[in-house]
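Only one structure is covered here, and it is reproduced in the block below.
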Amino acid sequence: MGSVLASWRRGPELPAHARRDRQGRSLPAPPGSAAGGGELPAAPIMAGRNPGTKLELGWISKVHVNRPAVVRHAEQIKKWRTVKGNWQAAWLLKAVTCIDLTTLSGDDTPSNVHRLCFKAKHPIREDLLKALDMHDKGITVAAVCVYPARVIDAVNALMAAGCDIPVASVAAGFPSGQTPLETKLAEIRLAVQYGAREIDIVISRSLVLAGQWEDLYEEIRQCREACGEAHMKTILATGELGSLPNVYKASMIAMMAGSDFIKTSTGKEVENATFPVGVVMMRAIREYYWQTGNKVGFKPAGGIRTAKDAITWLMLVKDELGVEWLKPELFRLGASSLLEDIEKQIFYHVTGTYPLLHDLATV
C-alpha cells in the first residue's frame, strides 16, 4: 500500500490519443478553436481569483463547435480504461479532496447538515486511511454545499468540529434562475453574511437562448460584485442552453464577468454533466487562459455517482487542462452520493471484500 502516496501526488495515467502528427508529436489547438486538442503553455504564477475582463464579444462572435468531433471524442472517453490497484485508490482519494459534498433537499434540517459536515471532515474511515498510509495527509472534502438557510448550521457544525472546510451556498434563484436580479443579489449577500465562503450562482438561461450576451455579462458581473471576497462558481445549466456553441459562449461570458469557476449543472435539470459539455467548457477555459493568463476552475455536477465516473472526469481534466487543474482550487465534483461509492471501492481495495450496510457510515 505504500505506493499509494506516490501515486496520489502524480497524475492518473492516460491512454494514448489520436491528436498526433506524423512524427507522433502532440498537436496544439489554435486559439479560438472549441474543438481542438493540445497542451497548455507553461503556467505563470497566478492570483487565486479571476478578475474578469471587459466584455469582448469578438471572442464568441465566430465560435464554431464541431459537434460530431466532440461527441465522437466523448464516446472515446467512456471507453478509457480506468486505473487499477494503488493507482485507483490514490486517485479516488484525490477525487474525495475535490468533492463539494452537497445536500439540497427541501427537508434539510440542522441535524442532517451536522451529519454532512462530520462526513466532510471524515470522508473515509480512519482505519482504511491507515491501511493506505494516508491517515495523516489531512484528507477532507473540498467544501460543504447547502441552501442559504442552512449556511449558519454548516458553519457552526464545521467550527465545532475544528476544521476549516469552506461552506458553499447555492444562490441567485437556484435552480431555475427565474427570479428578479435584485432578489438574486440579496440572496447572495445574505449567504455571504451567514458565513458562506463560496457561492454557486445560476444564470438566467433565457439570456443565453435569446443571445443577450451583454445582459448576461452584466448579470454575472453584479453577482460577482455581491459575492465580495467569496469565490463565485457560475452554474450554466448546460442541459437547458440548447446547443454546444451556446455552452461555449456562456462559458466565455461567465469568465469575462469574473467567475472563479464555471459549473455544468444544478443537478436538477433533466440532463446534467455530460462529457461533450465538459470538453467544450474546458476548451473555453483553456482559450480564456490563453487570452488573459487567468485560470478558471471547472466543476461538473449532477449525475456523477460512481467511483469510475469520478476517475474519468479526473482523467479528462488532466487531458484537456493539465495536471495543475487537478486540485480543489481549480477542480470540483458536485455530488451527494458519489462519496459513498468511493468509500466502498477503497474498502474493497483494502480488505478484498465489499462492505456490508453497517460497515460504512451514511449521511
From the options 100, 108, residue that is touching a strand residue (DSSP E or B) at 6+ places or on another chain (Cβ under 9 Å), surrounded by fewer than 18 Cβ atoms within 10 Å (Cβ to Cβ) and either more than 24 Å from residue 352 (Cα to Cα) or not basic (Lys, Arg) (or both): 108
I need the full set of residues from segment 101-138 which are of a type in the set (A, V, I, L, M) and touching a His at 6+ places or on another chain (Cβ under 7 Å), in order please. 129
Out of segment 222-251, which residues are without any contact (Cβ under 8 Å) to a residue 40 or more places away in the chain, under 20 Å from residue 196 (Cβ atoms) and among the polar types (S, T, N, Q)? 234
Give me a count of the residues in segment 309-325 that are within 16 Å of residue 338 (Cβ to Cβ) and open to solvent by less than 20 Å² (accessible area, probe 1.4 Å). 8
Only one of (1) more than 25 Å from residue 61 (Cβ to Cβ); (2) modelled with pLDDT of 95 or more is not met by residue 164, so which one is it? (2)
Scan of segment 225-245 for residues that are open to solvent by 30 Å² or more (accessible area, probe 1.4 Å) and within 18 Å of the chain's Cα centre (by Cα), ordered by number: 231, 239
Would you confirm whether any residue within segment 339-350 is under 13 Å from the mean Cα position of the chain (by Cα) and either open to solvent by less than 30 Å² (accessible area, probe 1.4 Å) or under 25 Å from residue 243 (Cβ atoms) (or both)? no
Residues 264, 274, 292, 306: which one is of a type in the set (S, T, N, Q) and open to solvent by less than 10 Å² (accessible area, probe 1.4 Å)? 264
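Residue-wise test of (1) out of contact with any helix residue (DSSP H, G or I) (no Cβ under 7 Å at 6 or more places or on another chain); (2) farther than 28 Å from residue 192 by Cα; (3) free of Cβ contacts under 8 Å to residues at least 24 places away in the same chain.
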residue: 253; (1), (2), (3): no, no, no
residue: 264; (1), (2), (3): no, no, no
residue: 280; (1), (2), (3): no, yes, no
residue: 286; (1), (2), (3): no, yes, no
residue: 305; (1), (2), (3): no, yes, no
residue: 337; (1), (2), (3): yes, no, no
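Looking at segment 186-222 only, could you name the residues that are of a type in the set (A, V, I, L, M, F, W, C), surrounded by fewer than 19 Cβ atoms within 10 Å (Cβ to Cβ) and either under 20 Å from the mean Cα position of the chain (by Cα) or not in a helix (DSSP H, G or I) (or both)? Give the derivation first.
The initial filter retains those residues of segment 186-222 that are of a type in the set (A, V, I, L, M, F, W, C), namely 186, 188, 190-192, 196, 199, 201-203, 207-210, 213, 216, 220.
Filter again for surrounded by fewer than 19 Cβ atoms within 10 Å (Cβ to Cβ), leaving 186, 190, 209-210.
Selection gives 210 alone.
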Any residue at all in segment 131-140 that's farther than 21 Å from residue 301 by Cβ, open to solvent by 10 Å² or more (accessible area, probe 1.4 Å) and in a helix (DSSP H, G or I)? yes
Suppose the filter is under 13 Å from the mean Cα position of the chain (by Cα) and modelled with pLDDT of 95 or more; does residue 316 pass it? no
Reported set for segment 288-301 where residues are in a loop (DSSP other than H, G, I, E, B) and free of Cβ contacts under 8 Å to residues at least 40 places away in the same chain is 300
Residue 258 is checked against (1) assigned to a helix (DSSP H, G or I); (2) touching a Gly at 6+ places or on another chain (Cβ under 9 Å) and fails just one. What number does that condition carry? (1)
Does residue 277 fit the bill of being touching a Gly at 6+ places or on another chain (Cβ under 7 Å), modelled with pLDDT of 95 or more and under 18 Å from residue 299 (Cβ atoms)? no
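The values are calculated or read from the model by the stated rules, or taken from the named source; none is laboratory data. Everything numeric here is computed off the predicted structure, so don't read it as measured data. Cβ sites come from the backbone with ideal geometry, for glycine too, and all protein chains shown count toward neighbours. Accessible surface areas use protein heavy atoms only, side chains included; no ligands, DNA or RNA. Shrake-Rupley method; radii C 1.70, N 1.55, O 1.52, S 1.80 Å.
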